[in-house]
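Data block below; observations after.
The values are calculated or read from the model by the stated rules, or taken from the named source; none is laboratory data. Model, not experiment: these values are computed from the prediction. Please note: Cβ atoms are built from the backbone with ideal geometry, for glycine as well, and neighbour counts cover all protein chains shown. Please note that ligands, DNA and RNA were not included when accessible areas were found on the heavy atoms of the full protein model with its side chains. Shrake-Rupley method; radii C 1.70, N 1.55, O 1.52, S 1.80 Å.
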Amino acid sequence: MPKLVCTPFRPPFPKGRMPSTSPLLRVTHARVRHEGNARHTPDDVSFEVAPGEVVLLLGPSGSGKSTLALALNGLVPHAVPAELEGTVEVAGIRSTETTVAELSAQVSMVFQDPDAQIVTGTLLDEVCFGPENLLLPVAEVLARAEAALRRVGLWERRSENPDRLSGGGRQRLAIACALALRSPLIVLDEPTANLDPAGIEEVYAVLGELVREGGHAIVLIEHNLDAAIALVDRVVVIDGLGRLAFDGTPDAVLRGQVDALMRMGVWLPTATLAGLRLRAAGHEVPVLPLSPGELTAVLNGLRPIVPDASAVHRAPGHHPAIAVRVRGLRVSKGRGAARTEVLHGIDLDLPAGSFTAIVGTNGAGKTTLLQAIAGVSLPPRGTVDVLGLDPTRADARTLARTVGFVFQNPEHQFIRGTVAEELAHGLQLQHLDRAAIDERVDRMLDRFGLEAQRGEHPFLLSGGQKRRLSVGTALIAGAPVLALDEPTFGQDRERAAHLLDILKQLNDEGRTVVVVTHDLQLVADYASHVVAMQEGRVRTHDETGAVLASGALEEAGLLAPPLVRALRATADPAWHCLSRLSDLGPER
Amino acid sequence: MTARLDPYADAPDRGALRFLHRLNPLAKIAGPLPAMIALVFTRDPAVCAALAVLALLLLVVGAHLSGRALLGLFVLLPLVTALLSFSFGLWADAAPDATGSGILFAVGDYRFTTAALAVGATTALRLAAIVLLSLLAGLTSTGPDLVRALVQQLHVPYRLGYTALAAYRFVPRFGYELDVIRQAHRVRGMAAGRGPLPAVRRHLGYVVPLLASGIRHAERVALAMDSRAFGAHPTRTERHLVPFRARDCTFTLAFWLATAALYAAAALLPH
């Protein structure tokens, strides 16, 4: 990778922030090696952050972004077993010469998992936790807590248990906790990766306000660039080897280095990807769009593309057979007085060979429905039929031949000591002979690129490998129906895209795929059918294009994906019937 | 989840009559503690019963009891005590009294006597009394208050206390995780079959994924706590003071006196 650092850094202060001569954060030739690793990631990274500046840190998975974030407040090397070379200075203090606790007055952190940041029993106690540790007087603690909670709109709920907040609410609480420390720099590491679209909106509404007010410098690691890009002053990119690749304005880096970023596997805003597709299709796109608004402007200058009928809608009669039939499915959860019905009589027919996405807000009953279909939970007898099989009556052996279920966290379903045994398990249940098992295991290892890992313990694989193995185990007994619960949750975009390509392949081979997901762009790009659920009922079930065009997503309380929003905002209604990136042009 | 009792919510004030809620958790432990220790060595059923009744009275008057707690105290506890009296009695080796009238039933050579039942009942009553005494604190204090009292009065290092509190949050999370793992393993046909051996294998299978996610979660929580200056100073600001007041001393001393009086009376009075 050519090392190309864009124009010397000149902080833009478009929102009335005061420029300052000395940087707040200075990272100089920083490299980190985790205990037991041979490689340094990040490896020789230098950049500065000025007071009030918002910096987006990008890089493919494995580039060391999160490790770098941990180094910014001294967790590396003080709390994480890793070696730091080079220096990290915050407000002139070297991270190695002080403690994490001391640095917390300068740098505060917001992490990815909202559950793993909560320590106390009420919102107020939670926000007070940091200032209390700093030994501030009670009056000061309370004043800070109130200001921080009001800033994120949670003051009214201060006496509640954080467990009662939604994911988005808990991340807002984490931001309030960072604000209460009154540190000039806030580092956010994938703050929305575990959230549903509503939660992402909530978090970005708060972050947007913080940025408008100025006063805080922010270092943001984020894969959801559609929401983030509007807030960012500067983009710093680390390549796959952990080296600094680019450092400059969003314009200089995202537009100027777009080819290099694509090669690196860095995810780009949907609008930019759409612009690239338009260019590849031969359209005139002089300036690549970065936001949905800019994409709309670009599209308004073009002649609408006539959708390729075969690509948007599969011909009717293409899926004559029904793979999954659900009739009058009611499911209740909880015990005693807390028992409530979560699915209120679902009727559903999923065509064989379809790629169906079940979408809906949190608590709509998506996962419950999927688990009932796959026999993971046991619904009332006779309500579910998968290719002639009632999952409630099937034993593990028959079930494995009919429907494979991939859990949200792959580790939950691993039961054997090596990757090869893990795959062989499903076949041993079928009482196949040794030779046949070995042959099919070898084929599956080859298909998912896991040959080198065949003797390893499944828990020691990388995140992407674990995910592929879990799909392999669900498939190996030959199940024609594959059900996946949030397969892209908490993953970076590169891994997510890789997994989806695998699913697409399986679907093309004729398997019926059912996924529960929050990622609506994924739905638009991959799913043939969409089931939109709301409050335990099916709101809409139709082909993807029809659902996206009908506004049924909004009726179910969801927000259309960014591409669809940009398309709908165009002047010419001919654009409005498109929804997929592939509608705009080929991938280069 | 929302319907469950919130272990972290501030305990509402139940009024002056429900005085147990207004006492320092340490007083509610220190007061009954001598009695609980003494009960381990007590063979006198009258003393056991008196202490059990005292604890029960204090609970009924001084504590705000939920329906479930009342059910436990007045239905479940007597039932269990009766059951234990009988089963401990089966193991007791007590000869029938001289007249031979105390035999309740006999199976072959074995004779179940009133004396054996009395021995069993005393043992069961001792256990019941210890449970009731521990409930004085158990039913009327919250975990966070106990931790605060330990830190503020007994000077337990706050890093220990608050880490324990944070760990308490793991419990419902692990419960949920265990459910999911169980479902996953069942679907995959892990160690299917009835009987103790497959059951043991099944449960061993849950350990690895649960430990893996537990350790990872704990690491993340620790990093989040460190990032928020946990452990920066030897002490930290306390907004919730759990003072040890005159009434806590009074309660503790009164309880000690009552215990001593009971034992004295039992020793002096002829049976």
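Taking a straight Cα-Cα cut-off under 13 Å and skipping sequence neighbours fewer than 8 places away in the same chain, the aspartates and glutamates within cross-link reach of B:K28 are B:D145, B:D248.
Provide the FRET efficiency to the nearest 0.05 for the A:A252-A:R94 pair, computing r from the beta carbons and using R0 = 30 Å.
On the way: r = 30 Å, r/R0 = 1.00.
Efficiency computed from Cβ-Cβ geometry: 0.50.
Taking the Cβ of A:V287 as the centre, find all other residues whose Cβ is under 14 Å away and add up their charges (Lys, Arg: +1; Asp, Glu: -1). So the environment of A:V287 carries a net charge of -1.
With viscosity 1.002 mPa s and temperature 20 °C, the Kirkwood radius over alpha carbon pairs of segment B:103-218 converts through Stokes-Einstein to a diffusion coefficient of 110 µm²/s. Converting phi to 3J(HN,Hα) with the Karplus coefficients 6.51, -1.76 and 1.60 and the offset θ = phi - 60°, segment A:544-561 yields 4, x, 5, 5, 5, 6, 7, x, 5, 5, 5, 5, 7, x, 10, 10, 4, x Hz in sequence order, with x at every glycine or proline.
Of the cross-linked pairs A:K65/A:K366; A:K366/A:K504; A:K65/A:K466; A:K333/A:K504, which ones have a Cα-Cα span greater than 27 Å in the structure shown? Show your work: numbers first, answer last.
On the way: A:K65/A:K366 33 Å; A:K366/A:K504 21 Å; A:K65/A:K466 21 Å; A:K333/A:K504 33 Å.
Result: A:K65/A:K366; A:K333/A:K504 exceed 27 Å.
Considering only protein heavy atoms and a probe of 1.4 Å, how much of the accessible area of chain A is carbon and sulfur, as a whole percent?
Numbers: 11270 of 22440 Å².
Summing carbon and sulfur atoms, their accessible area is 50 percent of the total for chain A.
If only the Cβ of Lys and Arg carry +1 and only the Cβ of Asp and Glu carry -1, the dipole of segment A:430-588 around its Cα centre is close to 160 debye.
Here the simple spin-label model places points 7 Å from the Cα toward Cβ, and for B:S66 and A:A143 these points are separated by 4.0 nm.
Listed values for segment A:451-461 are Karplus-derived 3J(HN,Hα) couplings in whole Hz (6.51 cos²θ - 1.76 cosθ + 1.60, θ = phi - 60°), namely 4, 5, 9, 4, x, 7, 6, x, 6, 8, 6, and x replaces Gly and Pro. Computed on chain A, with alpha-carbon pairs under 8 angstrom and 6+ residues apart, the relative contact order is 14 percent.
Would you please name the GluC sites (Glu not before Pro) within segment A:527-588 that are DSSP coil residues with at most 15 other C-beta atoms within 10 Å of their C-beta?
On the way: sites: A:E535, A:E543, A:E554, A:E555, A:E587; in loops: A:E535, A:E587.
Those that pass, being in a loop and sparsely packed, are A:E535, A:E587.
For the protein assembly as shown, the solvent-accessible area with a 1.4 angstrom probe is 44 square angstrom per residue.
Using Cα pairs under 8 angstrom and six or more residues apart, how large is the relative contact order of chain B, in percent?
Here the relative contact order equals 28 percent.
So how strong a dipole does segment B:82-238 carry about its Cα centre when Lys and Arg Cβ are +1 and Asp and Glu Cβ are -1, to the nearest 20 debye?
Details: 16 positive and 9 negative charges, 182 e Å.
Dipole magnitude for segment B:82-238 comes out near 880 debye.
As a ratio to 2.2 N^0.38 Å, the alpha-carbon radius of gyration for segment B:154-227 is 1.46.
Assuming charge only on the beta carbon of Lys and Arg (+1) and of Asp and Glu (-1), the dipole of the protein assembly as shown about its Cα centre is about 1540 debye to the nearest 20.
What relative contact order, as a whole-number percentage, does segment A:508-588 give when Cα pairs under 8 Å and 6 or more residues apart are counted?
Numbers: 81 pairs, mean separation 20.0, N = 81.
Computed over segment A:508-588, the figure is 25 percent.
For segment B:154-227, which whole percent of the accessible surface, found with a 1.4 angstrom probe, sits on carbon and sulfur atoms? C and S fraction of accessible area: 69 percent. Scaling against 2.2 N^0.38 Å puts the C-alpha radius of gyration of chain B at 1.32.
A simple spin-label model places pseudo-atoms 7 Å from Cα toward Cβ; at A:H498 and A:D438 they are separated by 2.9 nm. Selection among B:V200, B:L160, B:L211 by position relative to the dipole of segment B:154-227 gives B:V200 as farthest towards the positive end (Cβ unit charges, Cα centre).
Computed over chain A, the Cα gyration tensor eigenvalues convert (square root of 5λ each) into semi-axes of 41, 28, 26 Å, ordered from largest to smallest. Most simply put, the protein assembly as shown has about 55% antiparallel DSSP beta bridges, counting only bridges with both residues inside it. Solvent-accessible area lost on pairing B with A (1.4 Å probe, both sides summed) amounts to about 4600 Å².
Overall, the anisotropy analysis places segment A:89-246 in the oblate class: the square-rooted eigenvalues a ≥ b ≥ c of its C-alpha gyration tensor yield a/c not less than 1.5, with a/b not exceeding b/c. When the surface is traced with a 1.4 Å probe over the full set of protein chains, A:K366 keeps roughly 10 Å² accessible.
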